[in-house]
Amino acid sequence: MIRIKTHKSILCILFSLTLFSCDSDNDSNPENNEQVSQEVIVTKEKLVGNWKLVSSTIDNKNVSPSEFECLKNSTATFNQDDTYEVTFLKLGSNSTNLCSRTVTQSGTYTVVGLNNVTFFNFDSEIELIDDTLQITSKVTNGNEQQDQIDIFIRSDNSELGENPEDETDDVETDNQTDGDNEDNTFDGTEVIQTILGKWKIDSDRDCLQKNTIEFKPQSVFEFIQHKKTFNRRDLLDYNVSVSYPLPESINATIIKGNSTVVFDTSAECQFIKTSTLEYVVKDEKTIVLKNISGLKLLLEDNTTIKLIYTFTDSNTNEQVREFVYKKL
């Protein structure tokens, strides 16, 4: 465990360094000096870079998803020129901008030796533990002061990598847009009679084959997606704060927008997402989802529907995924 001291410990460190400088044995030993230099280099390499908050607890209890929705966007940056900036994004009172409160601390730091860093202009306790940055702050709950511990990991950490299944299996239905709200004059009565009921994806891939869509009366559309596993990115997407590294057992149910997501490491399909949406029949072949862009369904015949999902990938390239569903 690496402890990073705040400015309150500077006098003690300087005093220790003074004693160290008076030690003639160390001064006369080039190997010791070289070792200290190497330790400083190793510690600085470990610290310099961009960090992302992945877990937040208050008195050892995970914060609520509503609080974590903002906190998860907090960042820390440590530069080669010995400057740093830590920015916390917190829940604000402005209903039009949920995460409207920003708390930023910046200053300089000095790497004293192996796992020993002094921060200037920082009020909270900072520890560098293994490959995480842990910041402990005091928060007030009524008349009681509690410890809030925020865990950051480097933004290039493998836990933040994309889930291989995401590119092909996960269809985004949470972020509603203005969508296509123009008046629809097409009489889709006959089409609705054809599509009403449940449809199952045409696939033999693990959990993907369990995916279903269902057209219900009153234009209600239910979409259930399954994935074999989930990763840290999935948890962050749904505002779930868990420790680092990921614990072996995770069981959480999260409601976000029009979707309910179940994370369960003990299940055959560890990620199940159920979305309840509203559909609109545009013409005799085309069904769209109200206020959901990039997603449409084409009725190929009375037993086959093609779901077409258009999205922008992490490299800002437009991608198109197609899935075939058969009526049950």
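The values are calculated or read from the model by the stated rules, or taken from the named source; none is laboratory data. The structure displayed is predicted, hence computed values, not measured ones. Note that we place each Cβ from the backbone using ideal geometry, even for glycine, and neighbour counts take in every protein chain shown. Remember, those area values only see protein heavy atoms, side chains included, never the ligands or the DNA or RNA. Shrake-Rupley method; radii C 1.70, N 1.55, O 1.52, S 1.80 Å.
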Evaluation of S100 against (1) out of contact with any strand residue (DSSP E or B) (no Cβ under 8 Å at 6 or more places or on another chain); (2) in contact (Cβ under 8 Å) with a residue 12 or more places away in the chain; (3) open to solvent by less than 70 Å² (accessible area, probe 1.4 Å) (one fails), failing number: (2)
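Of the residues E278, E284, which single one is assigned to a strand (DSSP E or B), modelled with pLDDT of 95 or more and surrounded by fewer than 19 Cβ atoms within 10 Å (Cβ to Cβ)? Quick ask: steps written out before the conclusion?
Numbers: E284 fails: assigned to a strand (DSSP E or B).
Residue meeting the stated conditions: E278.
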Selection status of N115, modelled with pLDDT under 80 and out of contact with any His (no Cβ under 9 Å at 6 or more places or on another chain): yes
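Tell me the residue from N302, N317, N291, N231 that is within 23 Å of S158 (Cα to Cα), open to solvent by 10 Å² or more (accessible area, probe 1.4 Å) and in contact (Cβ under 8 Å) with a residue 60 or more places away in the chain, please.
Details: N302 fails: within 23 Å of S158 (Cα to Cα); N317 fails: in contact (Cβ under 8 Å) with a residue 60 or more places away in the chain; N291 fails: within 23 Å of S158 (Cα to Cα).
Within the list N302, N317, N291, N231, the selection yields N231.
Quick test for you: out of K61, K52, K44, pick the one residue that is modelled with pLDDT of 90 or more and exposed (fewer than 12 other Cβ atoms within 10 Å of the Cβ). Walk me through how you get there before you give the answer.
Numbers: K52 fails: exposed (fewer than 12 other Cβ atoms within 10 Å of the Cβ); K44 fails: exposed (fewer than 12 other Cβ atoms within 10 Å of the Cβ).
So the residue among K61, K52, K44 that is modelled with pLDDT of 90 or more and exposed (fewer than 12 other Cβ atoms within 10 Å of the Cβ) is K61.
In segment 79-116, which residues are more than 21 Å from the chain's Cα centre (by Cα) and in a strand (DSSP E or B)? Write out each step before concluding.
Applying the first criterion (more than 21 Å from the chain's Cα centre (by Cα)) to segment 79-116 yields 79-84, 93-96, 105-116.
Across segment 79-116, the qualifying residues are T83, Y84, Q105, S106, G107, T108, Y109, T110, V111, V112, G113, N116.
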Matching residues in segment 305-314 (under 19 Å from G197 (Cα atoms) and either out of contact with any strand residue (DSSP E or B) (no Cβ under 7 Å at 6 or more places or on another chain) or open to solvent by 30 Å² or more (accessible area, probe 1.4 Å) (or both)) number 1
Checked segment 49-94 for anything of a type in the set (S, T, Y) and touching a residue at least 24 places away in the same chain (Cβ under 8 Å); matches are S55, S56, T57, S66, S74, T75, T77, T83, Y84
Please go through segment 109-140 and pick out each residue that is open to solvent by 60 Å² or more (accessible area, probe 1.4 Å), closer than 22 Å to D59 by Cβ and touching a residue at least 60 places away in the same chain (Cβ under 8 Å). D123, E125
Would you check which residues across segment 206-227 are open to solvent by 40 Å² or more (accessible area, probe 1.4 Å), over 14 Å from Y325 (Cα atoms) and within 27 Å of the chain's Cα centre (by Cα) and list them? D206
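For segment 179-234, enumerate the residues that are of a type in the set (S, T, N, Q), under 24 Å from A252 (Cα atoms) and not in a strand (DSSP E or B). Give the derivation first.
Our first condition is that a residue be of a type in the set (S, T, N, Q); within segment 179-234, this holds for 181, 184-185, 189, 193-194, 203, 209, 211-212, 218-219, 225, 229, 231.
With the extra rule that they be under 24 Å from A252 (Cα atoms), the set shrinks to 209, 211-212, 225, 229, 231.
Matches in segment 179-234: Q209, N211, T229, N231.
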Is it fair to say I153 is over 30 Å from F311 (Cβ atoms) and either at pLDDT 90 or above or not hydroxyl-bearing (S, T, Y) (or both)? no
I'm checking my understanding of the structure. Among residues of segment 241-257 that are open to solvent by less than 50 Å² (accessible area, probe 1.4 Å) and outside any strand (DSSP E or B), which one is nearest to N73 (Cα to Cα)? S241
